[in-house]
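Participant: Mind having a look at this structure? Questions to follow.
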Amino acid sequence: MTDNVTSLPSAGVVFDLDAETRDEIPPFVAQVGGRSITMIDPETMDWQDVMDIDSPLDFLRYCVTGEDREFIFGLKMPAWRLGRLMENYQKHYGLEEKMAAFQRSQRRGF
């Protein structure tokens, strides 16, 4: 008699997230108001913090240290300068390409 039952894979780990690594990208450092500000790689942020981000201002709150955040928020500067800072930050970490790829995948239903 032939057994037509498909055997299931054995139980065990299929994907070990704990073993995953990635190449480090150097931090983005910008001169702002006469001070060097370091902005971290957004992919290294805690995922729960990322879920709290609703605006570019929220994003800025999470990508700098508390001391740098207070310094930046205390500065008077034209909006176009802050825009240039964020544009260069996004270029440094390739965020535009990553967002475009994400949007393409969403349109395809992935």
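Please treat every number below as a calculation from the coordinates, not as lab data. Just so it is clear, the model here is predicted, and its values are computed rather than measured. As a convention, Cβ positions derive from the backbone with ideal geometry for all residues, glycine included, and neighbour counts pool all protein chains shown.
Participant: Specify which labelled value, from [x] 13.7; [y] 21.2; [z] 17.4, agrees with Kirkwood radius over Cα pairs in Å derived from the coordinates of the model shown.
Facilitator: The value matching this structure is [z].
Participant: Just name one of Pro26, Ile53, Met77: the one whose Cα is farthest towards the positive end of the charge dipole of the chain (beta-carbon charges, Lys/Arg +1, Asp/Glu -1).
Facilitator: It is Met77, whose Cα lies furthest towards the positive end.
Participant: Taking the Cα centre of the chain as the origin, how large is its charge dipole in debye, to the nearest 20, when only Lys and Arg (+1) and Asp and Glu (-1) carry charge on their Cβ atoms?
Facilitator: It works out to roughly 760 debye.
Participant: Take Asp18 and Arg69, extend 7 Å from each Cα along the Cα→Cβ direction, and tell me the distance between the two endpoints in nm.
Facilitator: Output for this residue pair reads 3.1 nm.
Participant: In addition: Quick check on the chain: helices-only [θ] at 222 nm, where DSSP H runs of length 4 and up contribute -39,500 (n - 2.57) each and the sum goes over total residues. Nearest 500, please.
Facilitator: One gets -13500 deg cm²/dmol as the mean residue ellipticity at 222 nm.
Participant: Using the Cβ atoms and a cut-off under 13 Å, what net charge is assigned to the surroundings of Tyr93, where Lys and Arg are +1 and Asp and Glu are -1?
Facilitator: Net of charged neighbours comes to -4.
Participant: Applying 1/(1 + (r/R0)^6) with R0 = 30 Å to the Cβ-Cβ distance of Asp54 and Ala101, what FRET efficiency is obtained, to the nearest 0.05?
Facilitator: Once rounded, the FRET efficiency stands at 0.85.
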